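In what follows, a structure is listed as structure tokens, so that the remarks can point back to it.
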Amino acid sequence: MEWMTIGAFAKACRLSPKALRLYDELELLRPARVDPDTGYRYYAVEQLERARLVAWLRRLGMPLALIREVCGLPAGLAAREIRAYWARIEAETVVRRDLAAFLVDHLSGESRRETTKMLELRYAARSDRGLVRPSNQDTAYAGRRLLAVADGWGPAGALASAAAVEALKSLEDEELSAGNVLNLLEDAVRSASEAVREAAEGGAEVGTTLTALLWTGSRLALVHIGDSRAYLLRDGELFRITHDHSVVQSLIDEGRLTPEEAESHPQRMLLAKALSGDRAATPDLKLHEARDGDRYLVCSDGLSREVSDERIRELLDVVEPGDAVRVLVEEANSAGGADNVSAVVADVVLPTGPPVPVG
């Protein structure tokens, strides 16, 4: 067997001798031989492939503990784990990018200069039991500043969803700005979590999703946890602005499942995150710049499971928000109505007087 000194091996695999000593201690990359008298480390040529993989994974920023797991897997499974890791990094990067953009705008004053013309909302909300469920555990709300949908489950699911939305409704009376709205939302979600825990009487499994948009006058702050959704219709195109916190969506993100397979997956109803009585979870918080003419939809999965995104886009193309929520709920029920269905639609418009609900 051909031996390589630690210096020669380090040069060949582009890892420093210091890193190789650390990887030896962590049992990530052990030398093939250690001289019992001198303590010198020697490596086999055959170890170069593993060493180079370690070096590449470190360049990705992968933690050493995960690298050790990946290096112990067959090539196909290792590739899957790397894909899953990078999907998580990309999702985290998007959140940090949005926050960085907001901070730049906020601190430089650019957003204030660009949004001197205030806008307002025209809105409507509708919630329906559906055709199968014995009761409605959804809560839908549309107000002067708040658009929210919560989808509860368990013996007190209706109480949980109502309590979560009620905790956010107090923000309609707060002095809101782009600089403080995310902090206020975060505090309100903590209150919502406590309210859901109180609804879980006797230790019963109770919880709710929560997806809401809070209006500052020029921006919409989004809070999202679970698999209710928010959409933006802008210039005729529909964009989903939330990411489902569900088991099947996690599998899709990691490349372990296709969207087509997810539709019939046995765990398609399971949530990865939600507001529940037995655990805390961190929601997604984002800021969206609003434009005159934008239309927003917040809905429970009773709509999104029954009606495709393309069909939702078509049905949103009506004049009034009240008509939009009506036809969306009717479409979900026509498709089977297997779940409670809720929809909130709001248009961003130039001020024409006091904001009035239209449905």
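Below are the figures for this structure:
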item: Angle between the chain longest axis and helix 157-169 axis [Cα atoms, degrees, rounded to 10]; result: 80
item: Identified option (computed Kirkwood radius over Cα pairs in Å; candidates (i) 21.3; (ii) 23.1; (iii) 20.5); result: (ii)
item: Relative contact order for the chain, counting Cα pairs under 8 Å that sit 6 or more residues apart, in percent; result: 20
item: On Cα atoms only, tilt of 75-108 relative to the major axis of the chain in degrees; result: 50
item: Estimated FRET transfer efficiency when R0 is 51 angstrom, pair ARG234-GLU46 (beta carbons, to 0.05); result: 0.35
item: Extension gain (nm, one decimal) between ASN183 and ASP284, 0.36 nm per residue minus Cα-Cα; result: 35.1 nm
item: Simple label model, 7 Å out from Cα along Cβ direction - ARG33 to GLU198, nm; result: 7.2
item: Spatially near lysine pairs across the chain, Cα under 28 Å, sequence gap of 8 or more or different chains; result: 5
item: Ellipticity estimate at 222 nm from DSSP helix runs (n ≥ 4, -39,500 (n - 2.57)) divided over the chain, nearest 500; result: -12000 deg cm²/dmol
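Only the coordinates and a few stated rules stand behind these numbers; no lab work does. Not measured: the values here are computed from a predicted model. Reconstructed Cβ throughout: ideal geometry from the backbone, glycine too, with neighbour counts over all protein chains shown.
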